[in-house]
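**Student:** Questions regarding the structure given below will be posed in turn.
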Amino acid sequence: MASSEEQPESRPPVLLLRMVAPAYDDAVSAKFHVLRPWESPLPRDQFLAAHAGSVRALLISSLVTLDDATLDALPRLGCVVTTSSGVNHIDLAACARRGIAVANAGTVFSADAADYAVGLLIDVLRRVSTSDRYVRRGLWPVKGDYPLGFKLGGKRVGIVGLGSIGSETAKRLVAFGCTILYYSRKNKPSVPYKYFPNVCDLAAESDILIVSCALTSETHHIINKDVMTALGKEGIIVNVGRGPLVDEAELVRRLMQGELGGAGLDVFENEPAVPKELFLMDNVVLTPHRAIFTSESLADLGQLLVANLEAFFSNRPLLTPVNHNDL
Amino acid sequence: MKPTKCRVEERGTEDDRNPNPKPFSSLTTPPPAMESLGVLLTFPANSYLEEELSKRCKLFRLWETPPENWRQFLRANAGSIRALVGTSTVGADAEMIDALPALEIVASCSVGLDKVDLAKCRERRIRVTNTPDVLTDDVADLAIGLAIATMRRICEADRYVRSGAWNAKGDYKLTSKFSGKTIGIIGLGRIGLAIAKRAEAFDCPISYYSRSEKPHTNYKYYSSVVDLAANCHILIVACALTEETRHIVNREVMDALGPKGVLVNIGRGPHVDEAELVSALIEGRLGGAALDVFEHEPHVPEQLFGLENVVLVPHVGTATWGTRKEMADLVLGNLEAHATNKPLLTPVL
């Protein structure tokens, strides 16, 4: 890997405020001069002041909250690239006021998240993880056949949030013979699925809910007690969005009392804490927030980050721009 | 005496194979011809089927006798047993058929007929039925679910969470993307086609091996399983088990599939050379495997239990409430058709 000290510094600087995944740092370092404040003996504000005159591009993850105060310290900033699809950590209005273009991960991770949602759903219905444990414990010869699961075909799947991930998930489930219904902030007349203007009504007509919307102040606990009641005792919930989209305590209570059919959860309200009551259940599948983390997608994102930065520095439009009016 | 009207009789076609089999209805009264039909059920896999058979026919339960006494049991009841209902666990081999001189029909509660001696049935002019179509979707769903579970390590990740490792050790590792990977299917019959249709929705290119190329598909054909394996990422076994396809996935095929390749078996255990599979996985010559079937069920090689790149499920391809009922109804419908001299719903012989 080329060390940045060995090359004359004609490459444009790109500032990090916190570490990003090594795969991304490596990809960007190959083409740009990456500034890492934590490697400097200077305190943070002095480091920023020292580089304020030259920094036009910033690379962040969703762990950095980008607000007016930080933007004030970077007067020449023209571009912010985030490694995430979500942008709630970025004050988009403040960026727009300052003429700062913002790029996100676009749809790089959507297929992986959709694959994972389908994988979790099949796992819950067909008891894949549970019966795998059963086999590994040597129980098949001792206790006989594992109890029956449930068919996926013919089920009505309500997608909560028909963005890129929701659409990719829907497309996959159609091939399994599912009927797709959806909730979204706005009706999308070009899609062939039935629209519901509220999640409760969606739940009432669904056998399964898949949560794939962005987390905002409006969508906190969008899957609440009323939605779970509407979904019914045999309903299944799959969450590949964010933990706080679901009222977790209510979900656990209903699962414990047999008032919900099952759940496939990749995200939780207080990660990495997972309610221990779930560990005893055979109708839940629990994964540690990994829906998008494949080596292929990380490599794809690395390339996308570089492509967005190259576009900015060549005065070309960003590949995956975020317009704050879209949200 | 007129047979009692039931849904089986409503279809109106005279073809030997009914193209639109009407489902059997457990709500109808069985005709007298059914009540006097002696049926041997070989294995207690399906409690609904067992219950209906015992209500409607004269049911003999083979598993209530230990295997060493089967010959005696069969001899004692040979005069009464005119029908045999087999499963993927216990079917009707030559010895059993020989012991049942009054046997007229073998109705297998499965689509696979590897446990039925078809040559013997042909010789004795015994009718044979199976349960195609009703289970196709469930098996195909499981095949894709197993492939995703293996590539994305879902079962392993679930174990990671339940063991408290997420708290203690931090993030679970990166896994391998499923979408867009080339799928190789061995056997492009009903189940193979259903798997292909699902995989296409994940933008997976599809290729296949079959005894002969299929005329109406755009999928890429390979005339050798080794070539198929060398050119795909995920190899799925979906063909019938016959003498020719035993160990169709052998060491050469596994080596061709390679250290990043994944094998999915939703066919029959003997399709895969299991001993070779275990060493290929342990030695890293094969990237991963998802297995619903094994050579000696319910026994699974224990060397697989500690591997994180395998998914092991206990022959659950058709194990849903809905499908098991439909399979049972098809068995019952075939038996009723036979007993009342109507065309069989899903005959093979």
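The values are calculated or read from the model by the stated rules, or taken from the named source; none is laboratory data. Just so you know, these numbers come straight off a predicted model, no measurement behind them. A quick note on method: Cβ atoms are made from the backbone with ideal geometry, for glycine too, and the neighbour counts reach across all protein chains shown.
Residue-wise test of (1) in a loop (DSSP other than H, G, I, E, B); (2) over 21 Å from B:Ile195 (Cβ atoms); (3) more than 25 Å from the chain's Cα centre (by Cα).
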site	(1), (2), (3)
A:Ile122	no, no, no
A:Arg133	no, yes, yes
A:Pro141	no, yes, yes
A:Ile159	no, yes, no
A:Ser167	no, yes, no
A:Asn187	yes, yes, no
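**Student:** Those residues that are in contact with a Phe, Trp or Tyr (Cβ under 8 Å, 6 or more places away or on another chain) and either more than 17 Å from B:Ser108 (Cα to Cα) or without any contact (Cβ under 8 Å) to a residue 12 or more places away in the chain (or both), I need them from segment B:27-71; list them, please.
**Tutor:** Listed by number, the list holds a single entry, B:Thr65.
**Student:** For residues that are among the β-branched types (Val, Ile, Thr) and in contact (Cβ under 8 Å) with a residue 60 or more places away in the chain, scanning just segment B:170-193, find the one that is nearest to A:Thr287 (Cα to Cα).
**Tutor:** Within segment B:170-193, the match that is nearest to A:Thr287 (Cα to Cα) is B:Ile191.
**Student:** Scan segment A:136-148 for residues that are at the interface with chain B (Cβ under 7 Å from one of its Cβ atoms) and within 18 Å of B:Thr320 (Cα to Cα) and jot them down.
**Tutor:** Result: A:Trp140, A:Asp145, A:Tyr146, A:Leu148.
**Student:** Just give me the residues in segment B:141-168 being basic (Lys, Arg), closer than 12 Å to A:Tyr116 by Cβ and facing chain A (nearest Cβ under 7 Å), in sequence order.
**Tutor:** B:Arg152
**Student:** Moving on. Taking A:Tyr182, is it out of contact with any Cys (no Cβ under 6 Å at 6 or more places or on another chain) and in a strand (DSSP E or B)?
**Tutor:** Considered against the rule, which asks whether it is out of contact with any Cys (no Cβ under 6 Å at 6 or more places or on another chain) and in a strand (DSSP E or B), A:Tyr182 comes out as yes.
**Student:** May I ask you to say which residue of A:Gly177, A:Gly166 is of a type in the set (Gly, Ala, Ser), touching a helix residue (DSSP H, G or I) at 6+ places or on another chain (Cβ under 9 Å) and closer than 23 Å to A:Thr287 by Cα?
**Tutor:** A:Gly166
**Student:** In segment B:178-188, which residue that is within 14 Å of another protein chain (Cβ to nearest Cβ) and buried (at least 23 other Cβ atoms within 10 Å of the Cβ) is nearest to the chain's Cα centre (by Cα)?
**Tutor:** Ranking the candidates gives B:Ile183 first.
**Student:** For segment B:194-204, what are the residues that are under 22 Å from B:Val225 (Cβ atoms) and either within 9 Å of chain A (Cβ to nearest Cβ) or free of Cβ contacts under 8 Å to residues at least 24 places away in the same chain (or both)?
**Tutor:** B:Ala196, B:Lys197, B:Arg198, B:Ala199, B:Glu200
**Student:** Could you say whether any residue in segment B:206-220 is within 14 Å of chain A (Cβ to nearest Cβ) and surrounded by fewer than 23 Cβ atoms within 10 Å (Cβ to Cβ)?
**Tutor:** yes
**Student:** Same structure again: Pull out all pairs, ordered by first then second residue, where Cβ-Cβ is under 6 Å, the residues are six or more apart or on different chains, the first lies in segment A:123-134 and is basic (Lys, Arg), and the second is not in a helix (DSSP H, G or I).
**Tutor:** Within 6 Å, the pairs are A:Arg126/A:Gly149; A:Arg127/A:Gly149.
**Student:** Further question: Between residues in segment B:260-287 that are under 28 Å from B:Ser88 (Cα atoms) and residues that are among the hydroxyl-bearing types (Ser, Thr, Tyr) and part of a helix (DSSP H, G or I), which pairs lie under 6 Å by C-beta distance while being six or more apart or on different chains?
**Tutor:** So the pair list comes out as B:Val262/B:Thr150.
**Student:** Select from segment A:25-81 the residues that are free of Cβ contacts under 8 Å to residues at least 24 places away in the same chain and either in a loop (DSSP other than H, G, I, E, B) or acidic (Asp, Glu) (or both) and list them in ascending order.
**Tutor:** Across segment A:25-81, the qualifying residues are A:Asp25, A:Arg36, A:Glu39, A:Ser40, A:Pro41, A:Leu42, A:Pro43, A:Gly53, A:Asp72, A:Pro75, A:Leu77.
**Student:** Something else about it: B:Glu274 is checked against (1) among the charged types (D, E, K, R); (2) surrounded by 18 or more Cβ atoms within 10 Å (Cβ to Cβ); (3) farther than 20 Å from B:Thr136 by Cα; (4) touching a Gly at 6+ places or on another chain (Cβ under 7 Å) and fails just one. What number does that condition carry?
**Tutor:** So B:Glu274 meets the others, but not (4).
**Student:** Restricting to segment B:293-349, give me the number of residues that are outside any helix (DSSP H, G or I), within 26 Å of B:Ile195 (Cβ to Cβ) and either touching a strand residue (DSSP E or B) at 6+ places or on another chain (Cβ under 6 Å) or of a type outside the set (Asp, Glu) (or both).
**Tutor:** The number of residues fulfilling the criteria is 23.
**Student:** Moving to a separate point now. For the structure I just gave you, tell me whether A:Lys171 is closer than 20 Å to B:Asp137 by Cα, facing chain B (nearest Cβ under 7 Å), surrounded by fewer than 21 Cβ atoms within 10 Å (Cβ to Cβ) and modelled with pLDDT of 95 or more.
**Tutor:** yes
**Student:** Would you confirm, using the coordinates I've provided, whether B:Ile126 is of a type in the set (A, V, I, L, M), in contact with a strand residue (DSSP E or B) (Cβ under 9 Å, 6 or more places away or on another chain) and surrounded by fewer than 23 Cβ atoms within 10 Å (Cβ to Cβ)?
**Tutor:** Against the criterion (of a type in the set (A, V, I, L, M), in contact with a strand residue (DSSP E or B) (Cβ under 9 Å, 6 or more places away or on another chain) and surrounded by fewer than 23 Cβ atoms within 10 Å (Cβ to Cβ)), B:Ile126 qualifies.
**Student:** Looking at segment B:145-164 only, could you name the residues that are buried (at least 23 other Cβ atoms within 10 Å of the Cβ) and assigned to a helix (DSSP H, G or I)?
**Tutor:** B:Gly145, B:Leu146, B:Ala147, B:Ile148, B:Ala149, B:Thr150, B:Met151, B:Ile154, B:Cys155, B:Ala157, B:Asp158, B:Val161
**Student:** Exactly one condition in (1) outside any helix (DSSP H, G or I); (2) more than 20 Å from A:Thr287 (Cβ to Cβ); (3) not charged (D, E, K, R) is not met by A:Ser85; state its number.
**Tutor:** With (1) outside any helix (DSSP H, G or I); (2) more than 20 Å from A:Thr287 (Cβ to Cβ); (3) not charged (D, E, K, R) applied to A:Ser85, the lone miss is (2).
**Student:** Test A:Asp115 against the criterion of being touching a strand residue (DSSP E or B) at 6+ places or on another chain (Cβ under 7 Å), among the acidic types (Asp, Glu) and within 14 Å of chain B (Cβ to nearest Cβ), and give yes or no.
**Tutor:** Criteria not met by A:Asp115.
**Student:** Before we move on, is B:Ile191 more than 11 Å from every other protein chain (Cβ to nearest Cβ), part of a helix (DSSP H, G or I) and within 20 Å of the chain's Cα centre (by Cα)?
**Tutor:** Taking the combined requirement at face value, the residue satisfies it.
**Student:** When the residues of segment B:297-315 are narrowed to those that are in contact with a helix residue (DSSP H, G or I) (Cβ under 6 Å, 6 or more places away or on another chain) and touching a residue at least 40 places away in the same chain (Cβ under 8 Å), which ends up surrounded by the fewest Cβ atoms within 10 Å (Cβ to Cβ)?
**Tutor:** Once the filter is applied, the top-ranked residue is B:Glu308.
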